[in-house]
Amino acid sequence: MENIPFFTDDTIVFGILMLCLGFVFYTSSINKGFWKTFYKFIPALLVCYMLPAIFNSLGIIGTEWKEPGTDGVLIEKSSKVYYIASRYLLPASLILMTLSIDLKSIFNLGPKALIMFLTGTLGVIIGGPLAILLISLVSPETLGGAGFDAVWRGLSTLAGSWIGGGANQAAMLEIYQYNPEKYGGMVLVDIVVANIWMAILLMGIGKSDKIDRWLKADTSAIESLKQKVSNYAESITRNPSLTDYTVMLSIAFTTVGFAHWGAEGISNALSNNFEIFNDKTSSLSSFTSKFFWMITIATAIGILLSYTKVKQYEGAGASKIGSVFIYILVATIGMKMDLGKIFENPGLIAIGLVWMAIHVLLLIIVAKIIKAPYFFLAVGSKANIGGAASAPVVAAAFHPSLATVGVLLAVFGYVVGTYGAILCAILMQIASGS
């Protein structure tokens, strides 16, 4: 038996995650004593993320493990809670939070969001080779390996994940043919480093006003959008009925079903009719990702519905239900992090941390120069590092109406992901002297 968590039943695991969320929301609503002081320094969203990570690290719950089958052979097992949250609840939340969107106001946010996203992409591209050069000075053995075992080949998959997402990561594995037996180590670096940065970003959201003052950022366009959405919601606010809740959930999950159906149809049509999309070494292969199309379709439908009378369901709390789904997703993302694994492969983790630090440093420098708000820095980074699964989470943490900004940038990440990762891989090969 290998690292079998105490609870393997997803029903129980989901109950534990909901217990974590309930605990955080209840204690954060207490406006006196210890809890008031605690949440003054530690954002509630970060606690929603870290509690499941602690439970995972203690072996109480888990995402992947091995257990013996009837013939004694170890069988790979995994929790489906994150899958359900990311495939069902995430698109449903995007629909519900997009109903009240003002697309014109989003475009009025200006070019800084795109500049910060591209800065994040550049940070990943140059961060990889710079991290290799820096770590080689301290621990050259960490960067060993020849042929398909070469560490730079494995790191190329990390570049694909950190610029685009899972589909781009798979494309890079196919292009550079890194040894599959060692690939798990790169996945570990991806999860550990990306989740550490996620925790830091969430902590920063609670101090975004101070960060914006330090950046001398102009947040007027963001505040205007938030105020506009809030004013609209207040103007149509009503006491929601059972019919309202049922209709909102019907709209959300009917659209989710349609998005899944459409995503499968588009993905199959591309792979069955165009050979170029089946070529894993092609940058176009990422367009066969069903997750990509599912998020794209769900967001597009949500935007279309915002131009209809359905928009008025924001007054019945559509974005609040969407926010509940987002918090559940946050808990399942946190559940994927095992704090103990940070020390399993210190050399590779060190490369990942230096790489991420370069990405972050470049974002801070550019944000300071162009006076971009922390919101653009955070979402621009997560649209690269986390993609469509976590960029909306970070954006919605600022305000539900801003979730669409995260989605739009993350979708763009899928498009440029493989191209950027290939450039990064070439530079890492040069830096490794291979």
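The values are calculated or read from the model by the stated rules, or taken from the named source; none is laboratory data. Just so it is clear, the model here is predicted, and its values are computed rather than measured. Because the Cβ atoms are built from the backbone with ideal geometry, glycine has one as well, and the counts that use them run over all protein chains shown. Heavy atoms of the whole protein, side chains included, go into the accessibility calculation; ligands, DNA and RNA do not. Shrake-Rupley method; radii C 1.70, N 1.55, O 1.52, S 1.80 Å.
Key figures
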quantity	calculated
Complete set of residues in the range 57-83 that are in contact with a Ser or Thr (Cβ under 7 Å, 6 or more places away or on another chain) and open to solvent by less than 70 Å² (accessible area, probe 1.4 Å)	62, 63, 78, 79, 81, 82
Hey, residue 47 of a type in the set (A, V, I, L, M, F, W, C) and surrounded by 13 or more Cβ atoms within 10 Å (Cβ to Cβ) or not	yes
Tally, over the range 14-46, of residues that are without any contact (Cβ under 8 Å) to a residue 24 or more places away in the chain and aliphatic (A, V, I, L, M)	3
Residues located in the range 43-55, provided they are at pLDDT 90 or above and within 20 Å of the chain's Cα centre (by Cα)	51, 52, 54
Options 80, 32, 40: the member that is of a type in the set (Lys, Arg) and under 21 Å from the mean Cα position of the chain (by Cα)	80
Pairs where the first residue, in the range 192-220, is in contact (Cβ under 8 Å) with a residue 40 or more places away in the chain and buried (at least 16 other Cβ atoms within 10 Å of the Cβ) and the second is part of a loop (DSSP other than H, G, I, E, B) and among the basic types (Lys, Arg), C-beta under 8 Å, 6+ apart	195/336; 215/371; 217/371
Test: residue in the range 143-162 that is modelled with pLDDT under 85, buried (at least 22 other Cβ atoms within 10 Å of the Cβ) and in contact with an Asp or Glu (Cβ under 7 Å, 6 or more places away or on another chain)	yes
Residue 21 in a helix (DSSP H, G or I), among the aliphatic types (A, V, I, L, M), farther than 26 Å from residue 341 by Cα and in contact with a helix residue (DSSP H, G or I) (Cβ under 9 Å, 6 or more places away or on another chain)	no
Residue match in the range 25-42 (condition: in contact with a Gly (Cβ under 7 Å, 6 or more places away or on another chain), at negative phi and not in a strand (DSSP E or B))	no
Residue list for the range 68-125, filter: outside any helix (DSSP H, G or I), among the polar types (S, T, N, Q) and at pLDDT 80 or above	78, 79
Residue check, residue 110 touching a residue at least 12 places away in the same chain (Cβ under 8 Å), at positive phi and within 24 Å of the chain's Cα centre (by Cα)	yes
Residues located in the range 11-35, provided they are touching a Phe, Trp or Tyr at 6+ places or on another chain (Cβ under 6 Å) and open to solvent by 40 Å² or more (accessible area, probe 1.4 Å)	28
Hits in the range 225-245 - residues which are open to solvent by 70 Å² or more (accessible area, probe 1.4 Å) and among the small types (Gly, Ala, Ser)	235
Matching residues, the range 15-50, being among the aromatic types (Phe, Trp, Tyr) and either closer than 25 Å to residue 201 by Cβ or touching a Leu at 6+ places or on another chain (Cβ under 7 Å) (or both)	23, 25, 26, 35, 38, 39, 41, 49
Scope the range 191-249; condition closer than 19 Å to residue 361 by Cα and among the acidic types (Asp, Glu); matching residues	212
Sole exception among (1) under 29 Å from residue 297 (Cβ atoms); (2) in contact with a Ser or Thr (Cβ under 8 Å, 6 or more places away or on another chain) for residue 104, by number	(2)
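Conditions (1) of a type in the set (Asp, Glu); (2) assigned to a helix (DSSP H, G or I), marked per residue:
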| position | (1), (2) |
| --- | --- |
| 160 | no, yes |
| 187 | no, yes |
| 213 | no, yes |
| 218 | yes, no |
| 223 | yes, yes |
